[in-house]
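As structure tokens, the structure follows; a few thoughts come after it.
The values are calculated or read from the model by the stated rules, or taken from the named source; none is laboratory data. This is a predicted model, so every value here is computed, not measured. Cβ coordinates were reconstructed from backbone atoms using ideal geometry, including for glycine residues, and neighbour counts include every protein chain displayed.
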There are 2 protein chains.
Amino acid sequence: MSFSRVAVIGLGLLGGSVGLAIAESLPDCATTGYDADPDVRRRAAERGLVGTVCATAAEAVAGADLIVFCVPVGAMAAAAVEIADALPADAIVSDVGSSKAAVGEALRGALPGATVIPAHPVAGTERSGPDAGFAHLFRHRWCILTPPADADPEAVAKLSEFWRALGANVEIMDAAHHDLVLAVTSHIPHLIAYTIVGTASDLEEVTRGEVIKYSAGGFRDFTRIAASDPVMWRDVFLTNRDAVLEMLGRFTEDLTALQRAIRRGDGEALFDLFARTREIRRSIVEQGQDDARPDFGRSDH
Amino acid sequence: MSFSRVAVIGLGLLGGSVGLAIAESLPDCATTGYDADPDVRRRAAERGLVGTVCATAAEAVAGADLIVFCVPVGAMAAAAVEIADALPADAIVSDVGSSKAAVGEALRGALPGATVIPAHPVAGTERSGPDAGFAHLFRHRWCILTPPADADPEAVAKLSEFWRALGANVEIMDAAHHDLVLAVTSHIPHLIAYTIVGTASDLEEVTRGEVIKYSAGGFRDFTRIAASDPVMWRDVFLTNRDAVLEMLGRFTEDLTALQRAIRRGDGEALFDLFARTREIRRSIVEQGQDDARPDFGRSDH
């Protein structure tokens, strides 16, 4: 059932983690890899992120039965074009991008006739680059597959099995619905975090030194997310524009309502919201999607 | 120089941590405590949060040379009134509230003639109640004192020494400036977190189950903050209204600019912001105000 040779295109946090996870969980599966940046290729070889680091993308995909694109979503089309002539006819083409409708179109457009099954493992850290990956990034995380309506069920089953082998739970979803769900659970949170960190950096009345010193009041949590890879996130917002703008509209409406409650001194409205948001945290912890310890366990207590 | 008997009024996360920190760092200092909730008093006695849990606030402050109010900021005035007749003449009155101008006024109003030196240790977790406190909550955190202009310098020095003994760094600041700084580094981050968790809970197109499953994309970070004590946070927004609304205005302006950039497909504007927000995270980690490990170290890697 499983793949015998996986090519990983892009060797940053996600690509490196895919390579290391395969080595740990699917030791019989050979891995090749490529990155457009020669420094990343060198470092990937030193860390052993994949079995063989290749000098070209075409070389990396030769003989592969699964190709996983792990490049920013805006770079998917160009990366796919590079391997078009070398792609084995029976290979499955997939990716790890955070927006799925646009990526599916890009890959299918660049690789006509190929078996394209887009995927998104909902996992990551604020780090990026070839030193950031680790083998169990995907454990207990969800990986969402967004196969087109006419996808080969066997290919979908095979890719599902692959992600389960790396430790993930697998869900199948329509690409448009994925993009709406992730706009809420990932894209808007990142946009808000980037915004507040930018706002705090630009104030005249409050110095940057003060923002840093007193960041333990809550702000520091946002700086972690706002330290994420800028190219990756630029591309996410450009490729998932409609869903992001839709969800941003809902958020802004709710924020305006709270602003009014503060202005009017409406403590009841504030309390009502603040009391019910606890419940969702409890469910997230119960379902193993976050650390149960206070403060994410980061304080040593 | 140090205090010989400290009374802690309110035995939740902060009050409990003050009591435990004194026991650990100032073992010669006696502690008494009181909480309006009898269940909290019982649990505080079981955990030994303070040396003596008293049945009334007046009893707790008898013979104390420092009183620390650790109740929600909206409850400060009423709590102070309860001890007015029992307050020793030479005692210093302080607190741990998150907004300082309103609390200073409330304490001075309720305790005319008393030596009131408000304070705010910028430390906490999302937990609350008598089981949440721990002795080293204040280590390497900043504690901001906001003495009135005519405060006795010796009282300020003595309170500074107390907080340093509990492991905190101490800063002196004007109450109004404190309220502006904390609006940015704490109050607005909490307001935004509560809002997005509320928004995500109320969607019809995306189920609550989906929000929980895919929360590792960034959303789960916000749910931690949004699990904080609702009474405490309601009171913060009601008592620091002007600074919060001012800073919320700046945030909203910046968010609107980003929204426009997304709508127009202006990748350069997005990249420029996303690239510069990394720097402030680096400084926060360098200055020991957050965990240097990826993902706050909460993943086991």
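So here's what we get for this one:
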item	result
Given (1) within 7 Å of chain A (Cβ to nearest Cβ); (2) touching a residue at least 40 places away in the same chain (Cβ under 8 Å), number of the condition residue B:133 does not satisfy	(1)
Flag for residue B:135 being modelled with pLDDT of 95 or more, of a type in the set (Gly, Ala, Ser), under 28 Å from residue B:36 (Cα atoms) and outside any helix (DSSP H, G or I)	yes
Count of residues meeting criterion [small (Gly, Ala, Ser) and at the interface with another protein chain (Cβ under 7 Å from one of its Cβ atoms)] in the range A:177-197	1
Evaluation of residue A:140 against (1) at pLDDT below 95; (2) in contact with a Cys (Cβ under 9 Å, 6 or more places away or on another chain) (one fails), failing number	(2)
Any hit, the range B:195-205, residues being charged (D, E, K, R), over 18 Å from the mean Cα position of the chain (by Cα) and buried (at least 23 other Cβ atoms within 10 Å of the Cβ)	no
Residue within the range B:100-121 that is under 16 Å from residue B:10 (Cβ atoms), touching a Phe, Trp or Tyr at 6+ places or on another chain (Cβ under 8 Å) and within 14 Å of chain A (Cβ to nearest Cβ) present	yes
Pair list, Cβ under 8 Å, 6 or more apart: the range A:199-218 residue within 18 Å of residue B:169 (Cα to Cα), other residue of a type in the set (Asp, Glu)	A:213/B:171; A:215/B:290; A:216/B:290
Tally, over the range A:25-38, of residues that are over 13 Å from residue A:52 (Cβ atoms) and over 21 Å from the mean Cα position of the chain (by Cα)	4
Any hit, the range B:25-35, residues being part of a strand (DSSP E or B), touching a Cys at 6+ places or on another chain (Cβ under 6 Å) and over 27 Å from residue A:267 (Cα atoms)	yes
Among residues of the range A:198-217, those that are among the acidic types (Asp, Glu), in contact with a helix residue (DSSP H, G or I) (Cβ under 9 Å, 6 or more places away or on another chain) and more than 7 Å from every other protein chain (Cβ to nearest Cβ), counted	1
Unique match (being part of a loop (DSSP other than H, G, I, E, B) and over 21 Å from the mean Cα position of the chain (by Cα)) among A:63, A:97	A:63
Test: residue B:188 is closer than 20 Å to residue A:183 by Cβ and hydrophobic (A, V, I, L, M, F, W, C)	no
Index of the failed condition, residue A:161 passing every other in (1) within 15 Å of the chain's Cα centre (by Cα); (2) closer than 23 Å to residue A:116 by Cβ; (3) assigned to a helix (DSSP H, G or I)	(1)
Qualifying residue in the range B:218-233 (condition: in contact with a Gly (Cβ under 7 Å, 6 or more places away or on another chain), within 7 Å of another protein chain (Cβ to nearest Cβ) and not aliphatic (A, V, I, L, M))	no
Subset of the range B:240-293 (residues that are under 23 Å from residue B:191 (Cβ atoms), surrounded by fewer than 21 Cβ atoms within 10 Å (Cβ to Cβ) and β-branched (Val, Ile, Thr))	B:252, B:256
Residue in the range B:49-77 that is farthest from residue B:10 (Cα to Cα), counting only those that are among the small types (Gly, Ala, Ser) and in contact with a Lys or Arg (Cβ under 7 Å, 6 or more places away or on another chain)	B:63
Output for the range B:74-130, where each listed residue is free of Cβ contacts under 8 Å to residues at least 12 places away in the same chain and over 25 Å from residue A:267 (Cβ atoms)	B:89, B:112, B:113
Filtered residue count, the range A:140-158, keeping only those that are assigned to a loop (DSSP other than H, G, I, E, B) and either more than 17 Å from the chain's Cα centre (by Cα) or crowded, with 18+ Cβ neighbours inside 10 Å (or both)	8
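Each row is one residue, and each column tells you yes or no for (1) more than 7 Å from chain B (Cβ to nearest Cβ); (2) under 25 Å from the mean Cα position of the chain (by Cα); (3) at pLDDT 95 or above; (4) over 30 Å from residue B:288 (Cα atoms).
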residue	(1), (2), (3), (4)
A:271	no, no, yes, yes
A:274	no, no, yes, no
A:290	no, yes, no, no
A:298	no, yes, no, no
A:301	no, no, no, no
